[in-house]
Structures are given as C-alpha cells and as structure tokens.
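The values are calculated or read from the model by the stated rules, or taken from the named source; none is laboratory data. These figures come from a predicted structure and were not determined experimentally. Here the Cβ is made from the backbone with ideal geometry for all residues, glycine too, and neighbour counts use every protein chain on show. The area values use the complete protein model at the heavy-atom level, side chains included, leaving out ligands, DNA and RNA. Shrake-Rupley method; radii C 1.70, N 1.55, O 1.52, S 1.80 Å.
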Amino acid sequence: MIEPTTSGEIMRLLALTASAVLCAGLCATGAASAAAAGSVAYGFAWADGKGVLRVTPARATLVKEHGILRHKLKAVTGAKEVRLAYGKAAYRRVTVACDLVETEGHVALDAKGLGRTECAAADLAFTLQRGPAPVKVEYTGKTAVRVSEFLTDWGGSKTAFGTIKRINDTTVSFKGIKLGYTHAVGFNRVTASCASGWLSGKPVNADRDGLGKKHCDAAEFTKVLKAQQHPVLVKADYNPLSGELQEVWEVFGDA
C-alpha cells in the first residue's frame, strides 16, 4: 500500500473512505427495504386449508363511484395462482368491526380504497369460511404479510355445459377452470335420492331437457362427486371473475 505524502492526497483518501461507508449503509438499507416490500397481488382470495389462502392475481383499477372508492378487477390471461400462509398476517377489513358479515351500509376505507379496520388472522379465517373475498395481498415468498379488503364489482355469472371433476372438498375443475364453492352452492339431481350415486337408479327427477330438478345441498354434492373417479357431465352456473361455482345440474343421459 502506498502511503499518502501530501495533505491533498490525505483529504482525497478520507473523502473516498467516507463515500464508501455512506454508500454501503444506503445500499444495505435499500436492499433491506426491497426485500421487505415483497410482492403484491389483487384478486379474490379463497381458503385453501387451515391458515392458507389462494389467489389468482388480477389487474386492479381504483375508481370512485357515487363517492365510494372501489377497485375494478380484470382477469389477467395466464396469471398463476399464488398460495400463501396467512397465520401471522395483518388483516384490514372494509367493515367497521371485525366480526361483521356485511358492511351494513358503513365502510372503513383509507385513501387508497383499502380496508382500515385492524383485525386478526382469525378474522380472516372467518371471512374466508364464507367464500371468496376481494383483497390486496402483500407477501414475501409463500407468506402473506398484509391482507386488505376492498370493495369491488363481482361481475356476471356464466352458464355452460361441461365436465366437472373434484379437486378437494371445496374445489372443482370445470371445463379446465378451477372453481371454489361454499355451503350455498345449488345442486340439482336427476336421481330419486340426494344420497344416490351419480345417475344411479331411476331418473325420476329430470326435466324435459334432462336436467336434475331435485334440490340437494353442498355436503351431498361433495360426497357424490368424491365417489367419481372420472369427470362427469353437468350444467353449471359460475362466476369467472371470483372463481365461484354457484349452481350445478346433473345431466340425464351422461351414462
């Protein structure tokens, strides 16, 4: 190492050293901030096991309608579903209290149209038990850091014929689309009994179009679909934006 021999060289050396120390501190802070920022996804969250949610990222646009801030969601072609643990996440609701099912005409929104009522992960579990929830999820890796509700338009339903196959007790694949369902899903059978196997027995409850007209519940839908090893033909109502299966008709003739 060459020692500085003049006062000018000494001053330049001190300046370079100070700059290096300052840069190192700022770079470290910037890297930490970037790591803490993580990723963000807007979309409809679904329960996917205890303390876990799934969400397919959508494009969100903040608008103001009738004096209320809302996010309009639009599906993103090819977007991949994200599955996240939320047990330690901060949860912000649009309701004025954590245990409310609906807003009841009063909302708690911040300037970005996100919920500002501070709630716990247990409250998020309660929300997701009831079905999909429109949220902004901030996450790092496979862990949700903050989940914020927002108001949105849910879009319209679609009706189609296609094959359906069970994924788990609350999720199916319909025409290759992943859909969730709740206790409120409608299930209309052609069989005499809700407990009968798929298209088993005399189809006394088919209408003129061969569609089931015996009303059964979600538990019976789960049970009968669980027994099927192959996809079966149905008519279904579903919401493509929220990914919710709303009603299913068994189709007579799918033998």
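For the stretch 126-172, name all the residues that are assigned to a strand (DSSP E or B), touching a residue at least 24 places away in the same chain (Cβ under 8 Å), under 22 Å from Val234 (Cα atoms) and open to solvent by 40 Å² or more (accessible area, probe 1.4 Å). Listed by number, the residues that qualify are Lys158, Thr159, Phe161, Thr163, Lys165, Arg166. Could you please let me know if Gln246 is closer than 30 Å to Ala45 by Cβ, open to solvent by 20 Å² or more (accessible area, probe 1.4 Å) and either under 27 Å from the mean Cα position of the chain (by Cα) or without any contact (Cβ under 8 Å) to a residue 12 or more places away in the chain (or both)? Criteria met by Gln246. Pairing each residue of the stretch 89-104 that is within 12 Å of Thr127 (Cα to Cα) and of a type in the set (Asp, Glu) with any residue that is in a strand (DSSP E or B) and open to solvent by less than 30 Å² (accessible area, probe 1.4 Å), provided the two are 6+ apart or on different chains, yields C-beta distances under 9 Å for Asp99/Cys119.
In summary, Val101 fulfils each of the numbered conditions (1) loosely packed, with under 14 Cβ neighbours inside 10 Å; (2) at pLDDT 95 or above; (3) among the β-branched types (Val, Ile, Thr) with the single exception of condition (2).
Being within 18 Å of Ala227 (Cα to Cα) and among the β-branched types (Val, Ile, Thr) is not true of Val145. Scanning the stretch 104-125 for residues that are touching a strand residue (DSSP E or B) at 6+ places or on another chain (Cβ under 9 Å) and of a type outside the set (A, V, I, L, M) yields Asp110, Lys112, Gly113, Gly115, Arg116, Thr117, Glu118, Cys119, Asp123.
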